[in-house]
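Report on one structure; see the data block that follows.
What follows draws every value from the coordinates through simple rules; no lab data is involved. On a predicted model such as this, the values are computed, not experimentally measured, just so you know. Quick reminder, even Gly has a Cβ in these numbers, built from the backbone with ideal geometry, and neighbours come from all protein chains shown.
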Amino acid sequence: MPGSSLKILLIEDNLAEARLLQEFLMQTQSKQFNLLHVKRLGEAVKELNKSTYDVILLDLTLPDSEGLSSLPILINLVPSVPIVVLTNTNDEKLAIEAVRRGAQDYLVKRHVSVDVLVRSLCYAIERKQVLETLRADNQTLETRVQERTNELVKAKEINQFKSEFVSMLSHDIRNPLNTILLAAGLLQNDDDKVTKEKKLSHYQMIRSAIKNMAHLLDEASFIGKADSDKLECQLMPMNLEGFCREIVAENQLAANEKFLSLIFTTQGELKEVVADESLLRHILGNLLNNAIKYSLPSGTVLFELIRQEKKVIFRIQDSGIGIPKEDQKQLFQPFHRADNVGKIPGTGLGLAIVKKCVERHKGEISVSSEVGVGTTFTVTLPLISAEAVNS
């Protein structure tokens, strides 16, 4: 927390060791620390009921508490405050057990220095913040899953649809959840063995997994909204060519990773049209993402934007694996995926979302595909004048 003072509660009955820790904190120049020292667990409980602290330094041997008995009392009282335990050399196994039970770190008193103390306090705070964020996000995700399931209960063909939905969620959420749990466990239990670069990698893994779960739930929510006829089409003037170029730019990195040529072309006058930007983003984003995902490396993805007199056409063509004819009839059904996708990740919701957005926009979508050659999706939307929208 640069620029702010970290409040530390030190629970230590040995005055000499307490003064040494205070002296160490006074020597540091990288951060400001405000330390309050108490000698007993009972005093600490009273203090924590009155004030808030950023971190607790806890001696495992106190006059009114012995060993690990202090830890659950403090965790239950202030679950969001990280705890660093202090131990003598012969108590190191006890300290490691304390970390397993919820402490963020431990310090062997004889080995403590200014740098070791400051690093332990700062890392403990960072790890606790990550774990608290994960706990809150997981609770939010559980709530959202339950809410979406309740919405689906009211939808048509509920028994089959709910079964597929729950099965898909449980399968696709399990992988990112396992990633989060693994990374959090490594950060919590093996901190002394993890380099700074590895820590950053674990944090990135956690953020990516949370983003993937949120995206999955958003897709499920969108399908539920469309099936309950709550999907609106809000027409507004927009620069269609600029919008399409923006979609292409958002997918350029994914194309580069597979060495694909992503080509965008236009035909006709395309300055300003009236459309629903949100629906278009779902349509074009999903189709372009699929074209890149299912293309073979070093291939080409062609995105054409064509304006005619009374309609606008979007054509996205890839040189990918293609779609078997037997799968093309069910292509826009939720959760359906072609038999030849193999291990390519996906939920089977993207094209269902595209279809519902096209229909809400009163347009049409068609597909032409050949296995081993590629696939072309063509979306045709009616052109609506600004005058018609304002009337």
Net lengthening on full extension, Phe259/Asp137 (0.36 nm per residue, minus Cα-Cα): 40.4 nm
Tell me the label-point distance for the pair Leu296, Glu126, using the 7 Å Cα-to-Cβ offset, in nm and rounded to one decimal. 4.5 nm
Sorting check: for 248-259, 199-210, which peptide has the highest mean count of neighbouring beta carbons within 10 Å, and how do the rest follow? 199-210, 248-259
Additional length obtainable on full extension of the chain from Lys343 to His37, 0.36 nm per residue less Cα span: 104.4 nm
Do the alpha carbons of any pairs in Lys193/Lys258; Lys325/Lys356; Lys7/Lys128; Lys46/Lys193; Lys193/Lys343; Lys211/Lys293 sit beyond 25 Å of each other, and which pairs? Lys193/Lys258; Lys46/Lys193; Lys193/Lys343
List the aspartates and glutamates whose Cα sits under 18 Å from the Cα of Lys199, skipping any in the same chain fewer than 8 residues away. Asp105, Glu126, Glu132, Asp190, Asp191
FRET efficiency for Thr52 and Gln252, using Cβ-Cβ distance with R0 set to 41 Å, rounded to 0.05: 0.30
